[in-house]
Amino acid sequence: MGADVILFFFFGGLAVLGALSLVIQRHPIHSALSLILVMASLAVLYLLLGAEFIAAIQIIVYAGAIMVLFVFVIMLLNAGEEEQTNLSRVTRYIGLPVATALLAEMGWLLYRAWPGDVGVVPDRLVGRTSAVGHMLFKEYVLPFELTSVVILIAIIGAIVLAKKEL
Amino acid sequence: MTDWIANHPELVIAVVKIALLLFIFLTAIAYVVWFERKVIAHIQARWGPYRVGPHGLLQPLADGVKFLFKEDIIPANVNSRFLFLLAPFLAVTLALLAVAVIPFGPEFEIFGTTTGFYIADINIALLFVLGVTSLTVYSVALAGWSSNSKYPLLGALRSTAQMVSYELALTLSVIGVLLLAGSLSLREIVEQQSGRLWGVLPNWYIFPQFVAFICFFISSIAETNRAPFDLAEAETELVAGFHTEYSSMKFAMFFLAEYAHIFTASFLATVLFFGGWQSPFPETPFWQWTLYLPAAAAALLGLYFLLDTFRHPHSTLHRGLITLVGIALLGVGAGLALVPPVLLLVQGPFWFVLKTVAFLFVFVWIRATLPRFRYDQLMAFGWKFLLPLAVLNIIATSLLLVWQAN
Amino acid sequence: MVPVSYYLVLSAVLFGLGVIGFLVKRNIITIFMCIELMLNAVNLAFVAFAHAWEALSGHIYVFFVIVIAAAEAAVGLAIIIVIFRNRGSLNVERINFLKW
Amino acid sequence: MLDLVWLLPLVPLLPLAGAALLGLRGRQWSRGEVNLVGVGSAGLSFGAAIAAAVTFFQLPLTEIPWKFDYFTWLEAGRFQVQASFYLDQLSLLMMLVVTGVGFLIHVYSIGYMHHEGGYYRFFAYLNLFMFFMLLLVLAGNYVLLFVGWEGVGLCSYLLIGFYFLRESASNAGKKAFIVNRIGDFGFTLALLLIFWTFGSLEYTNVFAGASVMPAEPGDWSQAGVLTAISLLLFTGAIGKSAQLPLYVWLPDAMEGPTPVSALIHAATMVAAGVYMVARSNILFAHAPFALATVAVIGCLTAYFPATIALVQNDIKRVLAYSTVSQLGYMFLGLGAGAFAAGIFHLMTHAFFKALLFLGAGSVIHAMNGQQDIRKMGGLWPKIRATAATFWIAALAIAGAPLFSGFFSKDEILWQTFTSPTLRIGKLLWLLGLIAATMTAFYMFRLVFLTFHGEGRYTPETAKHIHESPRTMTRPLIVLALLSVVGGWVGIPAALGERVHIPNYLEHFLEPVFAGANQLRPAAMPHAHSEELGFMGLTTLLALAGFAVAYSFYIRNPELANQLAHTFRALYQVLVNKYYVDEIYHAVIVRPMHWLSDRVFWQAFDVGIVDGAVNGAAARAQEMGAWLRRWQSGNTRSYGTWVALGALAALTYFLFGQP
């Protein structure tokens, strides 16, 4: 049993735990922290999968920027415990069974589709940063530029929305 | 078990290195505090710490002891005890984490395995550092929020916003260096900076990337929440900012973290712009004598101490201590001079430390000199000046590279 | 040596938990976070596939997903702030203007 | 170099431009400017028409009829309509008549409308009418002709209702419009049928197609499509040209200003039907039955309105009925197959009937709006110019020798008598003869009651009586001249031989009706002496009518009243115009009213249409109410649905596929 297996199960378990606590926690900030935990452990898994660049931006962008934004907003609105209302009967009676069924089916489908023989080679560095860079700026340069436009729009939208008086 | 260890010497070395580094680093931090107080005092024409030990050299110890024995208060109605406690630990952990990838010197052979003056040499070291620094925001935010008190909250909001916005400038200013080095590994970046620029100057990125360095340095000051960007703990407005409610060791941890960040910033500046462990002098035979500089430095320091024993009125205890230290330093200098391999080994760290200390001094110097920003000024400066500057630098650099390529 | 399918199942589990969270939670911010969780699960799947087929494009997609997630977070949170300002509540069950 | 391609469009477009200018800007203009634009455009158009005529005469015979497609107006599969102009002798003649008479009447209107409100509006309508009429005349296909056809209808409606504040006026306008609809319905069907038969509506194609078809038998039981087409076209003509049984709108149309009556309801528009039938002569020639129908209708129309005209007392109404009966003559001529004669009469009639109306207008003008001839009399010395020209016109229409009406009417009667196609030609001829006599009678009755005998007007009117201004009298004189000499272009051969004047008009129109004339079996030979005899007869009868009128209304005016007393019933019938309006009202209008009110509105519209509409709305509402329960506005519920969908999709992938 190699180190990678241990790492996988440790951080995979951590991720699952984080996701669970994200769902279970009543307070948004706890949920946010659990989500950060999930992301961090996912970053480790990315490293195991040889995606160092993705791992890095997972931390920098997701954990370091997006989630900061979440925490920031939670603090700003000083959001307290979420109140327990049950106005949606649909969700109450259909929702959870459906979701669990979905979970099970997906798991099984993926498992069935990917028998265990395809293994993860620990030292197969697929996502070397330079390689990603080359691909990004050669084949995917147009989408890349488009994302910049998307971000610009997002910035403007955010400003317009958050501005107190227009 | 033992043979397993024997089969994996790198693990042993790693553990040893970690322990060593932690010890040195923490001590260093403690003494940086002393250093800062001293420098500021002298800038303000004071003596600064003087009582505890000669020249207050034992002050850090005293402070540490004091922190340890203070009552550990947790305010009654914190939002969440867990987070309230988590915040300082997070701060320290992240602060120390960043140091793991800093190369203090070149690789060398020991016990038949090559290793270097670093804990880990990963090929995305820079991204790692940036990631870790980006996470430090949480400690501040959580501390401020969980204290459930207005000053911390405001301070936390401020510094969160500030760190997030200056992180952009920081990252972008680094990219210029990356373009030149073509690598994310700090070690490679340093090695890229070997050689000469036009024969005379050391080939450090400070020269081609001067603008980037300015951006980097300013924004790293902002990142570390230090003067003149220390609005998060602006005493006049917010008491002590996000850690107002913290006391004793928890407060000490924030303290620690802050200085650790100063170190990290200095390290990065050294590595990225000042050729890391590389000596400023060429390796031509004429400059061979510069190899003895470390020895000379140690020796001179020892001599200074010995001289000091007579210069100033000291208690006997102090006098004794100083003499011992002086003699020890002299011995070190002599030893270095006499044992060439050790001398060679020390070269890298010596220069690295020298450069770092210079940066630390600049940090302190700035704090002692400049007044504090107003918040809007801070934001405007970050977004409207530094960020565009960094972007322009990137554009210019890439254009330059393209031009060189053909 | 860990089979790729493990990673896939993990991502499925995370995704499912995201869905459940989306349905269970009332706080709009938390729901938003659940969405992020789902995105992350998908990313994991992408990376796993990329590893299995040594196809870098998987990473590119993850990159784009992250970028879009960032933009989405910016706008979404701005919207949330506005909603809170107008309704004084973050409970989605109280935010049903859509109905009329 | 004058070229029809650009010259001909000017003729209709100038009045259109005038109408547009007047309609859009006229309100702000002074009368002078309105005259300049309104009358000027008409005059320019007349000039253009003359220029066009000149160029036309220079064309080599091979290029006649001249046709030019300006652009494709409509296109839908096989259905294609060109915006094309078609100029041959017939349309040339019509164009000249329309522009010429139109111009004169424009000039006349300056004086007549001087005191009226809506001055610019009047001229705008008049110009618009000119445009549509010319479009009708010059059209190169039936669709364009139909456009003009409807356009003149519109203008006539607008002008009849010119004094729209008077209810009778607006009613009259509506009546004209609605009655015309009936005819136009037939016309539309005719167009459809034509397209169905010939696959095109361009004159050239239609006529070409028709000329190669065999003539259809006269017996209606075996009549073919051409007969149907012709009859339907003629229905349109009945409506437009006020033939039996749709003539009722024309007398009421007299509610409009007198110049309008002159231009539209005497000279040009009502003649459109005649023109159209003549234009389609080739079709009619192939459908003897239709031709016979035309003749019969025409003859009856010539006869009955004449009888009504005998006893009318409104000066304009008398003229209106006489117009109807004269139109009847024209159709009689066409029906007899003598298209040239019909057109000839159209032309002369245009002259003298316009003259009569304008004269009447002048009289009314003098009498300060008084129209009842019983309150006139002895105006002769006061308004000489008007009286003189009116006399000339009366002589012309009554068929006094050497006057224009004499030739044209005789031509028609003679052609009817000798027509080889009409089986009942003799009978029709007889009726026509009687009608002619009556014409003479009522015309002179009108003249005498108006201008002679002692004045029966009130003193205050007396003070007002005066001769009309030059702008009114000049056109009268010109028209008088035309009514005298207008007939000399068509002197019948019988007479012409003796004075060595050929029948110019007939030769001129020869090519137009060539195709039709070929089909006509040669008329049974008649000695010219015979024809001369007939002329003498008609002259005598006209003279008789004159004499009777004289004895009644000059010698001893009581005689008329005694006569009216003895034949009270007949008199009443005539005065009430055979109660036609009442009959129509009872037979058509009231049932229609009931139908519309009860069935179409209350039953169909309210019940079914509204029911359907409201029902649809209600269903939609219910469905919306039902769907709304899904639209809970609760994000979590929506999420549930999404998840359900995802589950379904996944399940399909898992189990759905083989």
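Tell me the residue from D:Phe85, D:Phe57, D:Phe46 that is within 19 Å of D:Val206 (Cα to Cα) and among the hydrophobic types (A, V, I, L, M, F, W, C), please. I'd like the intermediate steps shown before the answer.
Numbers: D:Phe57 fails: within 19 Å of D:Val206 (Cα to Cα); D:Phe46 fails: within 19 Å of D:Val206 (Cα to Cα).
After ruling out the rest, the residue left standing is D:Phe85.
Of everything in segment C:25-70, what is among the small types (Gly, Ala, Ser), over 14 Å from the mean Cα position of the chain (by Cα) and part of a helix (DSSP H, G or I)? Give them in sequence order. Residues satisfying the conditions are C:Ala48, C:Ala50, C:Ala52, C:Ser57, C:Gly58. Here B:Phe69 meets the list (1) at pLDDT below 85; (2) surrounded by fewer than 14 Cβ atoms within 10 Å (Cβ to Cβ) almost entirely, failing just condition (1). Against the numbered list (1) free of Cβ contacts under 8 Å to residues at least 60 places away in the same chain; (2) facing chain A (nearest Cβ under 8 Å); (3) charged (D, E, K, R), C:Glu93 comes up short only at (1). If you go through segment B:166-201 and keep only what is within 12 Å of chain A (Cβ to nearest Cβ) and among the polar types (S, T, N, Q), you end up with B:Thr171, B:Ser183, B:Ser185. Comparison of D:Ala586, D:Ala560 shows that the only residue that is surrounded by fewer than 12 Cβ atoms within 10 Å (Cβ to Cβ) and of a type outside the set (Asp, Glu) is D:Ala586. Taking (1) at pLDDT 85 or above; (2) more than 30 Å from A:Gly95 (Cβ to Cβ) in turn, D:Gln602 satisfies each apart from (1).
When D:Ala394 is tested against (1) surrounded by 24 or more Cβ atoms within 10 Å (Cβ to Cβ); (2) touching a residue at least 60 places away in the same chain (Cβ under 8 Å), exactly one condition is not met: (2). Looking at A:Leu37, A:Leu69, A:Leu22, A:Leu17, just one residue is farther than 25 Å from A:Ala158 by Cα, more than 13 Å from the chain's Cα centre (by Cα) and either modelled with pLDDT under 90 or surrounded by fewer than 24 Cβ atoms within 10 Å (Cβ to Cβ) (or both), and that residue is A:Leu17.
Being surrounded by fewer than 13 Cβ atoms within 10 Å (Cβ to Cβ), over 18 Å from the mean Cα position of the chain (by Cα) and farther than 30 Å from A:Gln25 by Cβ is the requirement here; does B:Gln59 meet it? Criteria not met by B:Gln59.
Does any residue of segment B:111-125 turn out to be at negative phi, surrounded by 19 or more Cβ atoms within 10 Å (Cβ to Cβ) and part of a helix (DSSP H, G or I)? For segment B:111-125, residues at negative phi, surrounded by 19 or more Cβ atoms within 10 Å (Cβ to Cβ) and part of a helix (DSSP H, G or I): present. Under the condition of being under 19 Å from D:Ala366 (Cα atoms) and in a helix (DSSP H, G or I), the residues counted in segment D:107-130 number 9.
Testing D:Val311 on (1) within 25 Å of D:Lys426 (Cα to Cα); (2) not in a helix (DSSP H, G or I), one condition comes back false. Which one is that? Just one mismatch for D:Val311, condition (1). Of everything in segment A:1-53, what is among the aromatic types (Phe, Trp, Tyr), more than 10 Å from chain C (Cβ to nearest Cβ) and in contact with a Phe, Trp or Tyr (Cβ under 9 Å, 6 or more places away or on another chain)? Give them in sequence order. Those that are among the aromatic types (Phe, Trp, Tyr), more than 10 Å from chain C (Cβ to nearest Cβ) and in contact with a Phe, Trp or Tyr (Cβ under 9 Å, 6 or more places away or on another chain): none in segment A:1-53. Taking segment B:44-96 as the range and being over 25 Å from B:Thr224 (Cβ atoms), among the small types (Gly, Ala, Ser) and in contact (Cβ under 8 Å) with a residue 40 or more places away in the chain as the test, the residues that pass are B:Gly53, B:Ser80. Just one of (1) within 27 Å of A:Met135 (Cβ to Cβ); (2) more than 7 Å from every other protein chain (Cβ to nearest Cβ) trips up C:Ile28, so point out which. Just one mismatch for C:Ile28, condition (1). Please work out if D:Met623 is of a type outside the set (Gly, Ala, Ser), free of Cβ contacts under 8 Å to residues at least 12 places away in the same chain and closer than 28 Å to C:Val92 by Cα. For D:Met623, the condition - of a type outside the set (Gly, Ala, Ser), free of Cβ contacts under 8 Å to residues at least 12 places away in the same chain and closer than 28 Å to C:Val92 by Cα - is met.
Yes or no: segment D:495-514 includes at least one residue that is without any contact (Cβ under 8 Å) to a residue 12 or more places away in the chain and surrounded by 16 or more Cβ atoms within 10 Å (Cβ to Cβ). Yes, some residue in segment D:495-514 is without any contact (Cβ under 8 Å) to a residue 12 or more places away in the chain and surrounded by 16 or more Cβ atoms within 10 Å (Cβ to Cβ).
Would you tally the residues in segment D:265-294 being more than 16 Å from D:Met133 (Cβ to Cβ) and touching a Lys or Arg at 6+ places or on another chain (Cβ under 8 Å)?
In the first step, residues of segment D:265-294 are kept if they are more than 16 Å from D:Met133 (Cβ to Cβ); the result is D:277, D:280-294.
Retained after the next criterion (residues that are touching a Lys or Arg at 6+ places or on another chain (Cβ under 8 Å)): D:285, D:292.
Of the residues in segment D:265-294, 2 are more than 16 Å from D:Met133 (Cβ to Cβ) and touching a Lys or Arg at 6+ places or on another chain (Cβ under 8 Å).
For the criterion of being surrounded by fewer than 18 Cβ atoms within 10 Å (Cβ to Cβ) and touching a residue at least 60 places away in the same chain (Cβ under 8 Å), D:Gly533 fails.
Which of the helices (runs of 4 or more DSSP H) contained wholly in segment B:146-259 include at least 3 residues that are at pLDDT below 85?
Here the list reads B:150-181, B:186-192, B:235-238.
Looking only at residues of segment D:599-629 that are within 30 Å of C:Lys25 (Cβ to Cβ) and basic (Lys, Arg), we find that the one that is surrounded by the fewest Cβ atoms within 10 Å (Cβ to Cβ) is D:Arg629. The set of residues in segment C:34-52 that are closer than 23 Å to C:Val92 by Cβ and within 8 Å of chain A (Cβ to nearest Cβ) comprises C:Cys34, C:Glu36, C:Leu37, C:Asn40.
Taken together, A:Leu87, A:Leu96, A:Leu136 contain a single residue that is closer than 29 Å to A:Ile24 by Cβ, at the interface with chain C (Cβ under 9 Å from one of its Cβ atoms), out of contact with any Cys (no Cβ under 8 Å at 6 or more places or on another chain) and at pLDDT 75 or above, which is A:Leu96. Of all the criteria given as (1) out of contact with any helix residue (DSSP H, G or I) (no Cβ under 8 Å at 6 or more places or on another chain); (2) surrounded by 11 or more Cβ atoms within 10 Å (Cβ to Cβ), the one not satisfied by D:Ser632 is (1).
The values are calculated or read from the model by the stated rules, or taken from the named source; none is laboratory data. Small disclaimer: the values here were computed from a predicted structure and weren't measured. Ideal geometry is used to build each Cβ from the backbone, glycine not excepted, and the neighbour counts take in all protein chains shown.
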